[in-house]
Amino acid sequence: MSQLPTRRASSSPSRRPGPRPSPTSLPTPVAPRRRPAPAGSSVPRPPSAPPPPWPSSSSVSASASARRSSRTTAAPPATTQAASGLDQIYAAPDFQRSSAKVKGGGTATVVWSGQLGRSAVILDGVKAAPKGKTYELWYIGSQESGGTIEAAGLMHDVDGGVRSAVLRGTMVAGDTIGITVEPAGGSDQPTSEPVVAVPTSEA
């Protein structure tokens, strides 16, 4: 019988794992040293965080509530005055009214009270005055009183809708309420023919 060839032993020595280093034997990292700032210089501080681009929800709701309150409680002085004057005239025991057509379209209704000596005009469907012009109100006295003409205020916001104004001054029995188109700012005496004239003596 033939013999199997024997394996030769390896000539290189066997490698055995050496001992593992313990945690205490590992080198401790050293933080880098900071150089001291030169004398007289200040160390810069990191910038503070910028404010948020939007206001907080509490400030938004507070400002919105303030705007809603101002809109519901504050009214333009002219509107408040006209409404108050009209209410007083309507409540007067001798309240009267009369209407007439306005040149150019629309109607003018005059309401008044002789006891109060007050009157008001309500325009409906009257177009706005030409550019640079305004509507002016007048007390036109009767012939018996001398026919004097007194300015009684302006109407700036006429735009084709319903607009009202309480006349300035005191109405005298028999006065006619007239409206003319005047230069912006008004006139001391009429410079044009009335677009409407409503007598109070025929009501």
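The values are calculated or read from the model by the stated rules, or taken from the named source; none is laboratory data. Computed from a predicted model, the values in this text were never measured in an experiment. Reconstructed Cβ throughout: ideal geometry from the backbone, glycine too, with neighbour counts over all protein chains shown.
Starting from residues that are of a type in the set (S, T, N, Q) and assigned to a helix (DSSP H, G or I), keep the ones in segment 81-102 and report whichever is surrounded by the most Cβ atoms within 10 Å (Cβ to Cβ).
Ranking the qualifying residues of segment 81-102, first place goes to Q88.
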Failed condition for R163, given (1) under 37 Å from the mean Cα position of the chain (by Cα); (2) farther than 15 Å from A128 by Cα; (3) not small (G, A, S): (2)
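So, of the residues in segment 164-179 that are among the hydroxyl-bearing types (S, T, Y) and outside any loop (DSSP other than H, G, I, E, B), which turns out to be surrounded by the most Cβ atoms within 10 Å (Cβ to Cβ)?
T176
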Residue match in segment 142-150 (condition: in contact with a Ser or Thr (Cβ under 6 Å, 6 or more places away or on another chain), more than 25 Å from S84 (Cβ to Cβ) and either part of a strand (DSSP E or B) or not aliphatic (A, V, I, L, M) (or both)): no
Cβ pairs under 9 Å, 6+ apart, first in segment 84-110 and under 20 Å from R168 (Cα atoms), second assigned to a helix (DSSP H, G or I): F95/I89
Every residue from segment 103-121 that is over 34 Å from the mean Cα position of the chain (by Cα) and not in a strand (DSSP E or B): K103, G114, Q115, L116, G117
Pair list, Cβ under 7 Å, 6 or more apart: segment 180-203 residue within 9 Å of E136 (Cα to Cα) and surrounded by 12 or more Cβ atoms within 10 Å (Cβ to Cβ), other residue at pLDDT 95 or above and among the hydrophobic types (A, V, I, L, M, F, W, C): T180/W138; T180/V195; V181/A129; V181/V195; G186/A151; G186/L154; P190/W138; P190/I149
